[in-house]
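For reference, the structure discussed in these notes is given below.
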Ligand SMILES: Cc1cc2nc3c(=O)[nH]c(=O)nc-3n(C[C@H](O)[C@H](O)[C@H](O)COP(=O)(O)OP(=O)(O)OC[C@H]3O[C@@H](n4cnc5c(N)ncnc54)[C@H](O)[C@@H]3O)c2cc1C
């Protein structure tokens with residue numbers, strides 16, 4: 001059976017790799033619009049630096065990406081975060097305040113570090129701690145992240161911690177993001193234990209003493225995440241990947257699929273896997289299934305810009321004794337977050353240099369694409385100087401714009417996912433994998449790829465089953 005996968009981001013590559021693991025001779029082609037594999041995963045190696053223009057690490061608590069690295073024999077290249085300085089900061093009034101030890105995304109797990117923290121006022125801390133005594137909501141509804149956080153923790157904790165921490169991951173608007181789709185573990189804690197505070201007392205739920213995003217669980221690869229997508233492409237076989245093949249339309253002719261590309265080439269397939277972002281999936285599906293196409297089109301996306309900057313260590317007044325910081329909206333700044341890449345991972349920058357990654361844009365700053373490179377550099381430097389006491393200009397700046405790259409799991413997202421899944425269930429031999437539905441992180445994309453491969457396997461095995469003649 002002829003299998004065509006559209007898109008060579010991590011989702012498409014993981015799909016292809018997994019199919020070939022069980023059938024090395026599968027008739028499989030990947031059609032990629034661009035000139036390289038990896039999609040949003042994009043690493044540059046310049047001036048002695050490892051520059052991540054997209055993602056810089058992945059979670060190991062969701063096992064799929066790590067499993068994939070092991071399967072590709074990349075385990076010896078896995079790079080843990082630095083053991084020292086495993087903490088994150090919140091930017092507040094010109095200062096970087098460390099997240100209290102044991103703080104897990106939304107909620108404190110340790111009493112004294114939370115009380116000791118300078119992030120919240122006494123009133124804000126009391127509201128946060130009273131969460132443990134608040135009754136759970138009776139209504140089982142899909143509420144916004146803001147409504148959930150306000151109801152449980154109060155205004156100050158929402159504005160200073162929840163909005164920048166969770167809003168920052170999705171570069172989204174907490175007034176639209178679905179609590180059920182973005183922080184399901186906390187919604188579940190409220191349902192199961194009555195409150196998040198009481199759930200946190202259950203030690204089995206609290207495994208890490210790191211602050212913020214549990215950095216010990218984040219890893220990358222020595223030479224950057226491109227190592228993973230390059231290893232996948234090599235294992236799949238580069239001859240199977242057709243570059244500069246932007247698929248425009250999918251047609252069904254009898255039992256066969258026909259993929260029409262924008263440059264006039266047609267490809268036939270028995271099985272098609274769309275491993276494309278939601279907007280691209282929407283336009284590819286427009287002719288054969290306007291309803292499914294409209295469902296994909298309704299997934300909102302945010303755009304962002306990543307600025308990597310290389311400084312002399314001596315030009316930074318701040319000790320950079322953490323992995324980075326997030327900036328609450330109430331600070332009214334251009335940057336929404338900044339990672340101290342060379343503190344977070346060894347070998348990211350030469351000796352006596354500091355590499356940082358600043359993020360701008362997101363759903364709350366849709367005008368980010370209007371600005372020129374010069375404007376972006378200026379406003380980023382203005383913000384970084386405000387928090388980090390920077391006394392000089394960076395030696396190098398790398399700017400990468402990501403239009404419509406981050407899907408927004410807004411209220412109603414879970415119903416939308418069901419609608420889309422039903423749509424695919426009606427169309428045998430048409431499969432989807434990607435970040436738009438069931439997880440934006442790399443491990444979730446790998447899982448989506450593995451699941452798509454499993455569906456392909458079932459279809460090909462069904463075809464191979466011998467006809468039993470009575
Ligand atoms: C700035 C940024 C930082 C991030 N940081 C992290 C992080 O640190 N950790 C983490 O786990 N996740 C992170 N993410 C999320 C994660 O990187 C993405 O969700 C993931 O890489 C998406 O992979 P994908 O294969 O589904 O899609 P993509 O990477 O978008 O790949 C899709 C591919 O399809 C191709 N394509 C599109 N249309 C067509 C068409 N019509 N025909 C043929 N090909 C087509 C594209 O060219 C592309 O190669 C980040 C995302 C962004 C934007």
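Read the figures in this text as sums done on the coordinates, not as results from a lab. Owing to the predicted nature of the structure, the values given are computational and were not obtained by experimental measurement. Virtual Cβ from ideal backbone geometry, glycine too; neighbours counted across all protein chains shown.
Based on Cα contacts under 8 Å between residues 6+ apart, the stretch 71-207 shows a relative contact order of 23 percent. Modelled spin-label separation between residue 297 and residue 265, with each label point placed 7 Å from Cα along the Cα-to-Cβ direction: 2.8 nm. Model label sites at residue 404 and residue 288, defined 7 Å from Cα along the beta-carbon direction, differ in position by 2.1 nm. Taking every alpha-carbon pair under 8 Å whose residues sit at least 6 apart, the chain reaches a relative contact order of 25 percent.
Is the stretch 311-470 best put as rounded, prolate or oblate by its Cα gyration tensor, with a ≥ b ≥ c the root eigenvalues, rounded for a/c under 1.5, and otherwise prolate when a/b is larger than b/c, oblate when not? Spell out each step's value before the answer.
On the way: a/c = 3.62, a/b = 2.31, b/c = 1.57.
Prolate shape, in that a/c is at least 1.5 and a/b is the bigger ratio.
Can you give the FRET efficiency for residue 70 and residue 279, using 1/(1 + (r/R0)^6), R0 = 41 Å, r = Cβ-Cβ distance, to the nearest 0.05?
0.80
Using mean Cβ contacts within 10 Å as the protection proxy, how do 249-262, 289-302, 349-362 order, highest first?
Numbers: 249-262: 14.5, 289-302: 18.2, 349-362: 20.9.
So the peptides 249-262, 289-302, 349-362, ranked by packing, come out 349-362, 289-302, 249-262.
Bridge orientation summary for the chain: considering DSSP beta bridges with both residues in this region, about 75 percent are antiparallel.
Report the extension gain between residue 312 and residue 244 in nm, rounded to one decimal, defined as 0.36 nm multiplied by the number of residues separating them, less their alpha carbon distance.
Details: separation 68, 0.36 × 68 = 24.48 nm, distance 3.94 nm.
Length difference between fully extended and current span is 20.5 nm.
Please work out the Cα center distance from the stretch 341-357 to the stretch 292-331, rounded to the nearest Å. Taking the Cα centre of the stretch 292-331 as reference, the centre of the stretch 341-357 is 17 Å away. Computed from label points 7 Å out along Cα-Cβ, the spacing between residue 25 and residue 121 is 7.4 nm.
With everything on Cα atoms, drop me the angle between helix 184-193 and the longest principal axis of the chain, reported from 0 to 90° to the nearest 10. Once rounded, one gets 70 degrees. The calculated P(r) of the stretch 100-211, using every Cα pair and 10 Å bins from 0, goes 15, 50, 33, 2 in percent. Computed on the stretch 27-75, with alpha-carbon pairs under 8 angstrom and 6+ residues apart, the relative contact order is 20 percent.
Between residue 1 and residue 192, the contour length at 0.36 nm per residue exceeds the alpha carbon distance by 64.1 nm. In plain terms, if you count all Cα to Cα distances in the chain and split them into 10 Å steps from zero, the share in each step is 4, 19, 28, 26, 16, 6, 1, 0, 0 percent.
At 0.36 nm per residue, and after removing the present C-alpha to C-alpha distance, how many nm does the segment from residue 428 to residue 385 gain when stretched out fully?
On the way: separation 43, 0.36 × 43 = 15.48 nm, distance 5.56 nm.
Extra length available between residue 428 and residue 385 comes to 9.9 nm.
The Kirkwood radius of the stretch 26-180, taken over pairs of alpha-carbon atoms, gives through the Stokes-Einstein law at 37 °C and 0.692 mPa s a diffusion coefficient of 172 µm² s⁻¹.
Calculated from DSSP H runs of 4 or more alone, at -39500 (n - 2.57) each and per residue, what is the 222 nm mean residue ellipticity of the chain, nearest 500? It would help to have the intermediate numbers written out before the result.
Numbers: 16 runs with 156 residues, N = 470.
For the chain, the value works out to -9500 deg cm²/dmol.
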